[in-house]
Amino acid sequence: MKKRNAVIIAAALIACSTFTSCTRIQTLLNKEKQEVVQEEVVISTPVGISTVEKGSITEFHKFGGTVTARDSVTILPDAAGKLVNLLVQEGDKVSKDQIIAEVDPSRAGQNYKLSPVKSTLEGTVTSVPVAYGATVSPASPVAVVQTLDDLEISFSVIEKYVTLVDEGKKAIVTFDAFPGEEFAATITFVSPTLDTATRSRSIKAKLDNPDERVIAGMYARLNVITTEKNDVIVIPYSAVSVTNSGSSVFVLDGDKARKVDVEIGIRQGNEAEILSGLQAGDQLVTRGQTLLTDGASVRVINY
């Protein structure tokens, strides 16, 4: 009986030892499996980067204007009567005091010598609003003469922006007739008063290099440069995240993304001046930043 009990106890001890070993082995396998799973869960976000550099940035405001002649006069006759001679047509060049038409002021039963109509300006005839044989008076325009070799761009600035445009400021001008081309211009005149009816100020600009293709009457789009800075940190504004707590960007820190608070200066289009938070040489995340959190793992790819 005692021998039988000993056998049973020995078998139980062997079984217990075997079960314990299996349990330990299974525990080690489960732990290793969990570590592998944890390693597989770590995902790196693909991002695009660019090196932060110093550069130049300008701030400008947009206005619309019209190309006009610097000088323009409407020629009026001295006497009322019938227009018997019309000596010019649109496009003709005329000199000052040149006779461009003649008016017969005679009345029934009375004969007077013809009254000449003279140009008061040297330039080009741009309009002849009357026809031969018409009856005119001293208030009837006979022609318009302009100095087309000296053109200006006239535009108005509403009261809110009058302090932004001063004489001498530079502008970039474009015309619908020449898509893709830009023309440099300078503000040459700023009205000393404000029009009380329109609450605006009259401004004039001239092209730095006159172009014969630009003619009076063309519509001009002006980008008047109000601020210009050089040797400052400039980055794409699309890389900036703006929230109620402020502005921030992500920079590359090894294989991690680090969130950096920044202070924005002037901005134009997709360019922004950075006053603080970045320095030249930083690796700025410019693509994929909307998917990042501070400390997130990243991998750099070429977009």
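Exactly one residue among P105, P129, P77 is surrounded by fewer than 14 Cβ atoms within 10 Å (Cβ to Cβ) and not small (G, A, S), and that residue is P129. Cβ-Cβ distance below 6 Å, separation of 6 or more or different chains: which pairs start in the range 67-86 with a residue that is closer than 29 Å to S156 by Cα and end on one that is part of a strand (DSSP E or B) and charged (D, E, K, R)? Qualifying pairs under 6 Å: T68/E152; R70/E152. Considering only residues of the range 161-174 that are within 17 Å of the chain's Cα centre (by Cα) and surrounded by fewer than 18 Cβ atoms within 10 Å (Cβ to Cβ), which is farthest from A205 (Cα to Cα)? Step by step, filter the range 161-174, then rank; the result is Y161. Set side by side, the residues R221, R213, R299 differ, and just one is more than 25 Å from I172 (Cβ to Cβ) and charged (D, E, K, R), which is R299.
Looking across the range 199-239 at every residue that is of a type in the set (G, A, S), in a strand (DSSP E or B) and in contact with a Phe, Trp or Tyr (Cβ under 9 Å, 6 or more places away or on another chain), the one that is farthest from G277 (Cα to Cα) is identified as S202. Go through the range 196-216 and report how many residues are acidic (D, E) and crowded, with 16+ Cβ neighbours inside 10 Å. Residues that pass the stated criteria total 0. Within the range 61-80, the set of residues being touching a Lys or Arg at 6+ places or on another chain (Cβ under 9 Å), modelled with pLDDT under 95 and not in a loop (DSSP other than H, G, I, E, B) comprises K62, T68.
The residue that is nearest to I57 (Cα to Cα), counting only those in the range 254-303 that are acidic (D, E) and surrounded by fewer than 16 Cβ atoms within 10 Å (Cβ to Cβ), is E263. The numbered conditions (1) in contact with a Ser or Thr (Cβ under 8 Å, 6 or more places away or on another chain); (2) within 29 Å of V214 (Cβ to Cβ); (3) surrounded by fewer than 17 Cβ atoms within 10 Å (Cβ to Cβ) are all true for Y112 except (2). For the criterion of being surrounded by fewer than 16 Cβ atoms within 10 Å (Cβ to Cβ), touching a residue at least 24 places away in the same chain (Cβ under 8 Å), out of contact with any His (no Cβ under 6 Å at 6 or more places or on another chain) and not charged (D, E, K, R), G246 fails. With respect to (1) among the hydrophobic types (A, V, I, L, M, F, W, C); (2) assigned to a loop (DSSP other than H, G, I, E, B); (3) in contact with a Gly (Cβ under 9 Å, 6 or more places away or on another chain), the lone exception for A177 is condition (3). Taken together, the residues in the range 122-149 that are free of Cβ contacts under 8 Å to residues at least 24 places away in the same chain and more than 18 Å from S72 (Cβ to Cβ) amount to 0.
The values are calculated or read from the model by the stated rules, or taken from the named source; none is laboratory data. Given the structure is predicted, the values throughout are model-derived calculations rather than measurements. Don't worry about glycine lacking a Cβ; one is built from the backbone with ideal geometry, like all the others, and counts go over all protein chains shown.
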